[in-house]
Amino acid sequence: MRVLITGAAGFLGSHLADRFLRDGHQVVGLDNFVTGSPDNIAHLTGNPSYEFVRHNISNFTYVAGPLAGVLHFASPASPIDYLEHPIPTLKVGALGTHNALGIAKAKGARFFLASTSEVYGDPLVHPQPESYWGNVNPIGPRGVYDEAKRFAEAMTMAYHRFHGLDTRIVRIFNTYGPRMRPNDGRVVSNFIVQALRGEPITLYGDGSQTRSFTYVDDEVEGIYQLFLRGDAMPMNIGNPVEFTVRELADIVLASTGSKSEIVRRPLPEDDPKVRQPDITRARAVLGWEPQVPLRDGVARTIEHFRGVIAAGH
Ligand code: UDP
């Protein structure tokens with residue numbers, strides 16, 4: 001198979017390219033480096049099964065040759081990134097999704113949308129099954145991401161229903177691991193980098209808010225299986241084991257042996273109070289189950305960031 005991955009220099013996009021390449025497929029990677037990094041794809045230089053195109057999918061895009069799949073992973077995805085790039089975030093969810101769907105339709109390819117647990121907003125149903133419609137503030141600071149992804153889901157279902165396109169939608173929950181940017185702003189990378197540098201751990205609010213953290217290898221395997229064997233309805237892919245953010249801080253401190261103190265910072269506006277995927281559907285349809293417990297994944301991620309910090313980044 002030859003597949004196109006947008007956001008190919010990003011954290012998830014680059015791991016996903018590796019997963020396809022591992023099975024002998026060919027990958028065309030597309031990225032404009034707004035939040036992605038050339039470092040994430042440096043290891044693919046010279047790989048005859050990999051092509052890279054520097055381009056913004058929100059603009060008209062032409063890709064030569066056949067494609068069996070189009071996987072749309074381009075988007076700023078960290079709260080600080082989409083606050084810094086609110087309009088590109090809206091555009092890549094809306095115009096970028098439209099362009100990616102158009103490529104899939106023209107090539108007769110399967111389309112795969114990277115959606116998000118943010119479609120559930122600050123959820124009033126817990127844990128969140130795919131049938132929950134969510135509790136999203138459209139005009140809050142996170143609205144640029146949440147509504148772009150909700151629009152992207154609607155657009156994907158319209159192409160599925162109106163054009164008969166073969167489509168998939170994954171709702172990704174908080175994922176962490178190697179290749180996150182040290183200054184990405186998300187909680188796992190922030191806490192690990194702060195702990196390794198001996199800087200204060202920035203706990204937003206009282207730390208009682210919860211998240212369910214998925215190690216990147218688990219997330220990518222779920223995505224890959226959904227692409228190959230799933231169906232058109234949205235599917236949660238995430239680790240259902242839930243932690244408070246305060247518990248995460250304690251795990252990072254214990255795992256690094258750091259003496260960093262924990263300092264309180266204001267809770268960002270509209271920060272969801274709880275988040276946990278209901279993965280009944282992923283288990284039933286794909287037989288998928290996350291394998292890596294948080295402590296193990298954090299340990300692997302600490303090793304990665306030790307290397308990054310030692311290299312002077
Ligand atoms: N958070 C925190 N300290 C940080 C970064 C994040 O306490 O330095 C909290 C944040 O308020 C949220 C949770 O950790 O409750 C997860 O934040 P993240 O930005 O990773 O992703 P989100 O799930 O909010 O999209």
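What does the charge add up to near Arg179, with Lys and Arg as +1, Asp and Glu as -1, over the other residues with Cβ less than 11 Å from its Cβ? Before the final figure, lay out the partial values.
Numbers: positive: Arg181; negative: Asp18, Asp39, Asp184.
Around Arg179, the charge tally is -2.
For Ala154 and Arg295, what does the FRET efficiency come to when R0 = 45 Å and r is the distance between their Cβ atoms, rounded to the nearest 0.05? All intermediate terms of the calculation are to be shown ahead of the outcome.
On the way: r = 38 Å, r/R0 = 0.85.
My answer for the efficiency is 0.75.
By the scheme Lys and Arg +1, Asp and Glu -1, what is the net charge of all other residues having a beta-carbon under 13 Å from that of Asp296? Spell out each step's value before the answer.
Working: positive: Arg295, Arg300; negative: Asp217, Asp218, Glu303.
Cβ neighbours under 13 Å give a net charge of -1.
Using only the alpha-carbon atoms, how far is helix 11-22 inclined from the longest principal axis of the chain? Give it as 0 to 90 degrees, nearest 10.
Helix 11-22 sits roughly 60 degrees off the main axis of the chain.
Over the Cα atoms of the range 16-110, Rg to Rh with Kirkwood Rh, two decimal places? Show your work: numbers first, answer last.
Numbers: Rg = 13.7 Å, Rh = 14.2 Å.
In the range 16-110, Rg relative to Rh is 0.96.
Which value, in Å², gives the accessible area per residue of the range 200-252 when a 1.4 Å probe is used on the protein heavy atoms?
Details: 1510 Å² over 53 residues.
Accessible area per residue: 28 Å².
Go ahead and run the numbers for FRET between Phe33 and Phe162, Cβ-Cβ distance against an R0 of 45 Å, rounding to 0.05.
Numbers: r = 33 Å, r/R0 = 0.74.
Given R0 = 45 Å and the Cβ-Cβ separation, E is 0.85.
Taking every pair of distinct Cα atoms and averaging 1/r, then inverting, what Kirkwood hydrodynamic radius in Å comes out for the range 232-313? Spell out each step's value before the answer.
Numbers: mean 1/r = 0.0638 Å⁻¹.
About 15.7 Å for the range 232-313.
Could you tell me what a quarter of the Cα convex hull surface of the range 256-298 works out to, in nm² with one decimal place?
Numbers: hull surface 21.3 nm².
In nm², the orientation-averaged hull projection of the range 256-298 is 5.3.
Got a number for carbon plus sulfur as a percent of the chain's accessible area, 1.4 Å probe? Write out the running numbers ahead of the final one.
Working: 7120 of 12980 Å².
Solvent-exposed carbon and sulfur of the chain make up 55 percent of the total.
Order 61-67, 170-176 from most to least packed using the mean count of other Cβ atoms within 10 Å.
Numbers: 61-67: 13.3, 170-176: 23.7.
Final packing ranking: 170-176, 61-67.
Tell me, what does the Kirkwood hydrodynamic radius of the range 74-147 come to in angstroms if you use every pair of distinct C-alpha atoms? Please list the in-between numbers first.
Working: mean 1/r = 0.0743 Å⁻¹.
Over the range 74-147, the inverse of the mean reciprocal pair distance is 13.5 Å.
Checking the cross-link filter: which aspartates and glutamates have an alpha carbon closer than 15 Å to that of Lys105, excluding same-chain neighbours under 8 positions apart?
Leaving aside aspartates and glutamates fewer than 8 places away in the same chain, those within reach of Lys105 are Asp166.
Between helix 294-310 and the chain, what is the angle of the helix's C-alpha long axis to the longest principal axis, kept within 0 to 90° and rounded to the nearest 10?
Helix 294-310 sits at roughly 90 degrees to that axis.
With N residues in the range 149-265, what two-decimal value do you get for its Cα radius of gyration over 2.2 N^0.38 Å? Display every interim value, and only then the final one.
Values: Rg = 17.8 Å, N = 117, 2.2 N^0.38 = 13.4 Å.
Normalised Rg, Cα atoms only: 1.33.
Based solely on its DSSP helices, what 222 nm [θ] is calculated for the chain when runs of n ≥ 4 H residues each add -39,500 (n - 2.57) and the sum is averaged over all residues, nearest 500 deg cm²/dmol? Can you show the working numbers first?
Numbers: 10 runs with 117 residues, N = 313.
For the chain, the value works out to -11500 deg cm²/dmol.
Based on the mean of other beta carbon atoms within 10 Å per residue, what is the order of 214-221, 242-249, most packed first?
Numbers: 214-221: 22.2, 242-249: 18.2.
The densest-packed peptide leads the list: 214-221, 242-249.
All other residues with a Cβ under 12 Å from the Cβ of Ser258 taken together, and with Lys, Arg as +1 and Asp, Glu as -1, what is their net charge?
After counting each charged neighbour, the total is 0.
Report, in cubic angstrom per residue, the convex hull volume of the C-alpha atoms of the chain. Intermediate results must be reported in sequence, preceding the final value.
Details: hull volume 37.6 nm³, N = 313.
With only Cα atoms used, the chain gives 120 Å³ per residue.
When ligands, DNA and RNA are left out and all protein chains stay put, how many square angstrom of accessible area per residue does the range 22-173 have with a 1.4 Å probe? Could the numbers behind the result be given before it?
On the way: 6790 Å² over 152 residues.
The answer is 45 Å² per residue.
What's the angle, to the nearest 10 degrees (0 to 90), between helix 216-229's Cα axis and the longest principal axis of the chain?
Its long axis makes an angle of about 20 degrees.
The values are calculated or read from the model by the stated rules, or taken from the named source; none is laboratory data. These numbers were taken from a predicted model, which means no experiment stands behind them. Positions of Cβ are backbone-derived with ideal geometry, glycine not excepted, and every protein chain shown enters the neighbour counts. For the accessible areas, the whole protein counts, side chains as well, though only heavy atoms, and no ligand, DNA or RNA atoms are used. Shrake-Rupley method; radii C 1.70, N 1.55, O 1.52, S 1.80 Å.
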